[in-house]
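Shown next, in structure tokens, is the structure this report addresses.
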Amino acid sequence: MLEKLLRKKTKEIEMSISDRIKNVKSRTIPSHVAIIMDGNGRWAKQRSLPRIAGHHEGMKTVRKITRIANDIGIKVLTLYAFSTENWKRPRMEIDFLMKLPGEFLSTYLPELIEQNVKVETIGNFDALPPHTKEAIMKAQEATSKNTGLILNFAMNYGSRLEIVETVKEIVQLTANNQLSIDDINESLIDAHLMTSHLPEPDLLIRTSGEVRLSNFMLWQLAYSEFSFTDVLWPDFDESCMLNAIEEFQMRHRRFGSVEGDKEV
């Protein structure tokens, strides 16, 4: 009897999620959603578990959110997986985090291929351990021809470093007489960022109650809508994702203007 009730309740929840997805898809969908996945350590601490247990649980959330983002029709999902500042963490935790891409991609790669998801990365790729790079490159190659959702992992990424490297590239081009100072504008800077081939994020989500950007896509987020939630990343589920999208769809995006406001 109890098992039957649980199955009924699960079915009702699934129907509710399905109905909400339909409603969301009837309105303007954010083309690019970026997420700062925060709270894995606190999730583990609340359960008297090691921090790495929280990171492992957070990996399962990546799968869930990737699936629903694809179902909704989002074109790009960028996940802040490891920052340039995260190297300051304990060695054991870093080693575990560097193994997670391999575990995630080896486990879910067939599913990503089936769902037409394309894996990409931004960040200082060369500084990653060989086994991490190998796992990512294998997934990128296997999904290179996919045309659906771009699952973009920010690995060893820092926005200030990205901007500094962009400035260096432009200065070098200028020094080589390939550019003049008058050629330097916002479009040129956009073209030299790691995200040059991607649309700017329409929506940024940060979990765990923290309200800051933590050196994440500082240039690209200039006109993004922000959504902050107290939910820890391992607990961030399909309903939470829909909450953020629905909130986004209720906002008025002016992009600096006053007249001609349109609801999203």
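List of remarks:
- Leading residue at positive end of dipole, the chain (Cβ point charges), from Gln172, Ile35, Gly58: Gly58
- Note on Arg254 and Asn23: the model spin-label points, each 7 Å out from Cα along the C-beta direction, lie 2.8 nm apart.
- Accessible surface calculations at 1.4 Å, restricted to protein heavy atoms, place the stretch 136-264 at 54 Å² per residue.
- The chain: antiparallel DSSP beta bridges as a percent of all, rounded to 5: 5 percent
- Per-atom-type breakdown for the chain gives carbon and sulfur 53% of the accessible area (1.4 Å probe, protein chains only).
- Counting only Cβ charges, +1 for Lys and Arg and -1 for Asp and Glu, the dipole size of the stretch 86-156 around its Cα centre is about 200 debye.
- Per the Cα gyration tensor, the stretch 132-264 maps to an equivalent ellipsoid with semi-axes of 30, 23, 15 Å, ordered largest to smallest.
- The chain: relative contact order in percent, alpha carbon pairs under 8 Å with at least 6 residues between: 25 percent
- Sequence-distant aspartates and glutamates (8 or more away, or on other chains) whose Cα lies within less than 14 Å of Lys138: Glu103, Glu120
- The stretch 33-49 versus the stretch 137-193: alpha-carbon centroid distance in Å: 30 Å
- Selection from Ile205, Ala127, Ser159 lying farthest towards where the dipole of the chain points positive, charges on Cβ: Ile205
- Nearest 10 degrees, 0 to 90: helix 91-114 Cα axis against the chain principal axis: 80 degrees
- Tilt relative to the chain, helix 2-25 - C-alpha long axis, 0 to 90 degrees, to 10: 30 degrees
- Against the chain, whose longest principal axis is taken from its Cα atoms, helix 159-175 shows a tilt of about 30°.
- Each Lys and Arg adds +1 at its Cβ and each Asp and Glu adds -1 at its Cβ; summed about the Cα centre, the chain shows a dipole of about 1080 debye.
- Remark: the stretch 90-133 carries 50 Å² of accessible area per residue (probe radius 1.4 Å; ligands, DNA and RNA excluded).
- MRE, 222 nm, helices only [DSSP H, n ≥ 4, -39500 (n - 2.57), over the chain, to nearest 500]: -16000 deg cm²/dmol
- For the listed peptides 77-83, 220-226, a ranking on the average number of other beta carbons within 10 Å per residue, highest first, reads 77-83, 220-226.
- Among Thr84, Ile17, Ser227 - extreme Cα towards positive end, dipole of the chain, charges at beta-carbon: Ile17
- Ser16 versus Arg47: modelled label distance in nm, points set 7 Å from Cα along the beta carbon direction: 2.2 nm
- Dipole magnitude of the stretch 19-145, debye to nearest 20 (Cβ charges: Lys/Arg +1, Asp/Glu -1, about Cα centre): 460 debye
The values are calculated or read from the model by the stated rules, or taken from the named source; none is laboratory data. What you are looking at is a predicted structure, and each value in this text was computed from that prediction instead of being measured. Quick reminder, even Gly has a Cβ in these numbers, built from the backbone with ideal geometry, and neighbours come from all protein chains shown. Ligands, DNA and RNA are stripped out before the accessible areas are found, and what is left, the full protein with its side chains, is counted by its heavy atoms. Shrake-Rupley method; radii C 1.70, N 1.55, O 1.52, S 1.80 Å.
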